[in-house]
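Below is one structure, written out as structure tokens; the observations come after it.
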Amino acid sequence: MKYGLVMEGGAMRGLFTAGVTDVLMENGIEFDGAVGVSAGACFGCNYKSRQRGRAIRYNLRFCRDKRYCSVRSLIKTGDMFGGEFCYHTLPDKLDIFDYDAYNSNPMEFYAVCTDVESGRPVYKRLNTINSEGLEWIRASASMPLAAKIVEIDGRKFLDGGISDSIPLRFMENNGYDKNIVILTQPRDYEKTASRSVSLVKKMYKKYPNLVGTYVNRPKMYNEQLRHICKSEKQGKAFVIAPPVTLPVGHVEHNQDKLLEVYRIGRNTAREHLDEILKFMNM
């Protein structure tokens, strides 16, 4: 029996996931593998490095730092969330990412990116990682219109949520029998067409496959929710979702709101802890 963890993205809604995963770590829950999309990859990699509390710590510390996230950073560097600061300066100097712990943990870890040319998802296996490897995490979280295209090994990538927002099927197809799925929207959420479609069509007209995938995202997302419900009814998935719409947007500089989202994640995990332990046969 292989156990997996699936972490949706959602920018600062990802601190809900961080709250959930911190409670899971506190209770000694380990997985054979995990997959993270966008913020799910950024914050979820701390599960493999066993750094409980790191995600909320550095978000509270740097949420008002213009190098971390700001319109000024977008204008100056092309990235709303500063690429150099977030994925190199911060983990290497300011809130140290434990590369050794990550690399020694046998849990498999995947980050989902979207190939800009094909519009299709790419699942990068990151069982070991270094500072350069964090570029894959950056690519997974590079939101269209708010980030530059990330080039790695001659290929171009953007946010994994465009092409595979909740990659439960990926884990199931790779032999993970039972999966905990952390969503960042309430259970009754249904995705509708984005207001930014026309701008995306204009900005990425050189990449018609990417545009097509972006336009189709609501259909893809809602179908994934139906599949998650089916797997849940079959006892193959356990879903942890916010009880209410989380009180943050993609960008948030208010420390109190960030902490509230994190606490909602912690409280939700605690409320379901007995069910989670039973699902994990613990």
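The values are calculated or read from the model by the stated rules, or taken from the named source; none is laboratory data. Remember, predicted model here, so these are calculated numbers, not experimental data. Every residue, glycine among them, receives a Cβ derived from its backbone with ideal geometry; neighbour counts consider all protein chains shown. Surface areas here come from the heavy atoms of the whole protein model, side chains and all, with no ligands, DNA or RNA. Shrake-Rupley method; radii C 1.70, N 1.55, O 1.52, S 1.80 Å.
Looking at (1) out of contact with any Lys or Arg (no Cβ under 8 Å at 6 or more places or on another chain); (2) crowded, with 16+ Cβ neighbours inside 10 Å; (3) assigned to a loop (DSSP other than H, G, I, E, B); (4) of a type in the set (Gly, Ala, Ser), find the lone condition where SER231 falls short.
SER231 satisfies all of (1) out of contact with any Lys or Arg (no Cβ under 8 Å at 6 or more places or on another chain); (2) crowded, with 16+ Cβ neighbours inside 10 Å; (3) assigned to a loop (DSSP other than H, G, I, E, B); (4) of a type in the set (Gly, Ala, Ser) except (3).
Could you list all residues from the stretch 170-188 that are touching a residue at least 40 places away in the same chain (Cβ under 8 Å), out of contact with any Asp or Glu (no Cβ under 7 Å at 6 or more places or on another chain) and under 11 Å from PRO243 (Cα atoms)?
GLN185, PRO186, ARG187 - these are the residues of the stretch 170-188 that are touching a residue at least 40 places away in the same chain (Cβ under 8 Å), out of contact with any Asp or Glu (no Cβ under 7 Å at 6 or more places or on another chain) and under 11 Å from PRO243 (Cα atoms).
Does the stretch 234-247 hold any residues that are under 19 Å from TYR262 (Cβ atoms) and open to solvent by 20 Å² or more (accessible area, probe 1.4 Å), and which are they?
PRO243, VAL244, THR245, PRO247
Does ARG138 satisfy the criteria of being within 17 Å of the chain's Cα centre (by Cα) and in contact (Cβ under 8 Å) with a residue 12 or more places away in the chain?
yes
When you check VAL251 against the structure, is it open to solvent by 20 Å² or more (accessible area, probe 1.4 Å), hydrophobic (A, V, I, L, M, F, W, C), at pLDDT 95 or above and not in a helix (DSSP H, G or I), yes or no?
Considered against the rule, which asks whether it is open to solvent by 20 Å² or more (accessible area, probe 1.4 Å), hydrophobic (A, V, I, L, M, F, W, C), at pLDDT 95 or above and not in a helix (DSSP H, G or I), VAL251 comes out as no.
Give, as residue ranges, the helices (runs of 4 or more DSSP H) completely inside the stretch 114-216 that count at least 2 residues that are over 17 Å from TYR87 (Cα atoms) and open to solvent by 40 Å² or more (accessible area, probe 1.4 Å).
Helices (runs of 4 or more DSSP H) meeting the threshold: 168-173, 197-203, 208-215.
Could you list all residues from the stretch 173-228 that are out of contact with any Lys or Arg (no Cβ under 7 Å at 6 or more places or on another chain) and β-branched (Val, Ile, Thr)?
ILE180, VAL181, ILE182, THR192, VAL197, VAL200, THR213, VAL215, ILE228
Any residue that is in contact with a helix residue (DSSP H, G or I) (Cβ under 9 Å, 6 or more places away or on another chain) and under 15 Å from PRO121 (Cα atoms) - is there at least one of those in the stretch 175-184?
No: the stretch 175-184 contains no residue that is in contact with a helix residue (DSSP H, G or I) (Cβ under 9 Å, 6 or more places away or on another chain) and under 15 Å from PRO121 (Cα atoms).
Out of everything in the stretch 89-113 that is among the aliphatic types (A, V, I, L, M) and surrounded by 20 or more Cβ atoms within 10 Å (Cβ to Cβ), what residue ends up being nearest to PRO144 (Cα to Cα)?
The selected residue is VAL112.
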